[in-house]
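Quick notes on the structure that follows.
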Ligand code: NDP
């Protein structure tokens, strides 16, 4: 059975990806940062559907914890087939007043976190000459977004990391791609004030936010055999928001 690690796999997009990959036959490792109840609920959904999975609590920004956990997982399962770098946070604020500590926190989670996990799976994936890495970016990496300097910088960095890793690892049967969602109905967007949500919806040609399952479907495809020749790409899943 193939093993897939989904960072931030407990809620929102990550939860839908976890359920999708479990349905596609993967043993899913559900990473989360602290909300154990949500992680357990997602694991229960996988198990009650006849799937296989386990929980792994670590902060993706903590390189030591990431390395140690992924080493244990590779040993326990004999292989790591899929990594979905999905864990992310958003701290918004205007550039002139943006705090360095918020900048560092966003970069540490959204960009360094993906680097730590990707670096840790590289060895087992190279050894088995197979791997699928899918990074969850954002439409704002390309479009920019006023009031989100750190978030946009981190997501743009993730696209650069994707292309660089794709070139380095293609010869070993490992693909590395990025999915750039537009607006998705999750806790992250539910935290926005109602008028901001409405302003966002007004900009989306499809006239609605994506469901987490619509992002998960793209991840499951890239992780499948059908995705074998796609690497270094960013796939927009955004309802036409940015073309
Ligand atoms: P949610 O806020 O709904 O869920 C975030 C998930 O990430 C949770 O499982 C959370 O775990 C986990 N997480 C947060 N910080 C860490 C950390 N340091 N280490 C490990 N896990 C962590 O987010 P979404 O589902 O909305 O977003 C998922 C990804 O998609 C993010 O990368 C986001 O930037 C991106 N995205 C989202 C869009 C949207 O409109 N929602 C649009 C474009 C991109 P816990 O619950 O334990 O804290």
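The values are calculated or read from the model by the stated rules, or taken from the named source; none is laboratory data. Only a predicted model underlies this, so the values are computations on that prediction, with no experimental measurement involved. Every residue, glycine among them, receives a Cβ derived from its backbone with ideal geometry; neighbour counts consider all protein chains shown.
Could we say that residue 34 is outside any strand (DSSP E or B), within 14 Å of the ligand (Cβ to nearest atom) and in contact with a helix residue (DSSP H, G or I) (Cβ under 9 Å, 6 or more places away or on another chain) here? Spelling it out, it is not the case that residue 34 is outside any strand (DSSP E or B), within 14 Å of the ligand (Cβ to nearest atom) and in contact with a helix residue (DSSP H, G or I) (Cβ under 9 Å, 6 or more places away or on another chain).
Of these, 189, 109, which one is in contact with a helix residue (DSSP H, G or I) (Cβ under 9 Å, 6 or more places away or on another chain) and at pLDDT below 95?
Working: 109 fails: at pLDDT below 95.
Matching residue, one of 189, 109: 189.
All conditions but one from (1) farther than 25 Å from residue 185 by Cβ; (2) away from the ligand (no atom under 15 Å from the Cβ); (3) free of Cβ contacts under 8 Å to residues at least 60 places away in the same chain apply to residue 108; the one that does not is (2).
Criterion first (over 16 Å from the mean Cα position of the chain (by Cα) and closer than 17 Å to residue 14 by Cβ) does residue 190 satisfy it? For residue 190, the condition - over 16 Å from the mean Cα position of the chain (by Cα) and closer than 17 Å to residue 14 by Cβ - is met.
Of all residues in segment 125-133, at least one satisfies being closer than 30 Å to residue 200 by Cα, under 16 Å from the mean Cα position of the chain (by Cα) and more than 11 Å from the ligand (Cβ to nearest atom).
Scan segment 56-72 and tell me whether some residue there is within 17 Å of residue 2 (Cβ to Cβ), modelled with pLDDT of 95 or more and surrounded by 16 or more Cβ atoms within 10 Å (Cβ to Cβ). Checked segment 56-72: at least one residue is within 17 Å of residue 2 (Cβ to Cβ), modelled with pLDDT of 95 or more and surrounded by 16 or more Cβ atoms within 10 Å (Cβ to Cβ). Residue 119 falls short on exactly one of the conditions (1) part of a helix (DSSP H, G or I); (2) surrounded by fewer than 20 Cβ atoms within 10 Å (Cβ to Cβ); (3) within 12 Å of the ligand (Cβ to nearest atom), and that condition is (3).
Quick check on my filter: what residues within segment 51-77 are more than 19 Å from the chain's Cα centre (by Cα) and either within 14 Å of the ligand (Cβ to nearest atom) or free of Cβ contacts under 8 Å to residues at least 24 places away in the same chain (or both)? Explain how you work it out, then say what you get.
Taking segment 51-77 first, the residues more than 19 Å from the chain's Cα centre (by Cα) are 51-52, 64, 68, 71-72, 74-77.
Correct list: 64, 68, 72, 75, 76.
Condition first: away from the ligand (no atom under 12 Å from the Cβ) and in contact with a strand residue (DSSP E or B) (Cβ under 9 Å, 6 or more places away or on another chain). Can you find one or more residues in segment 198-206 that meet it? Checked against the condition, which is being away from the ligand (no atom under 12 Å from the Cβ) and in contact with a strand residue (DSSP E or B) (Cβ under 9 Å, 6 or more places away or on another chain), segment 198-206 yields no hits at all.
Which one of 161, 167 is more than 30 Å from residue 97 (Cβ to Cβ) and either within 13 Å of the ligand (Cβ to nearest atom) or out of contact with any helix residue (DSSP H, G or I) (no Cβ under 6 Å at 6 or more places or on another chain) (or both)?
167
For residue 110, state whether it is within 14 Å of the chain's Cα centre (by Cα) and assigned to a helix (DSSP H, G or I). Criteria met by residue 110.
When you scan segment 135-241 for helices (runs of 4 or more DSSP H) that lie fully inside it, which ones turn up with 3 or more residues that are in contact (Cβ under 8 Å) with a residue 24 or more places away in the chain and surrounded by fewer than 16 Cβ atoms within 10 Å (Cβ to Cβ)? Explain how you work it out, then say what you get.
On the way: elements: 140-143, 149-169, 187-190, 194-203, 212-223.
Per the criteria, no element qualifies.
Inspect all residues belonging to segment 39-50 and state whether any of them is within 14 Å of the ligand (Cβ to nearest atom), surrounded by 15 or more Cβ atoms within 10 Å (Cβ to Cβ) and under 14 Å from residue 87 (Cβ atoms). Looking through segment 39-50, at least one residue is within 14 Å of the ligand (Cβ to nearest atom), surrounded by 15 or more Cβ atoms within 10 Å (Cβ to Cβ) and under 14 Å from residue 87 (Cβ atoms).
Taking segment 1-15, which residues are within 8 Å of the ligand (Cβ to nearest atom) and buried (at least 24 other Cβ atoms within 10 Å of the Cβ)?
Scanning segment 1-15 gives 7, 8, 9, 10, 13, 14, 15.
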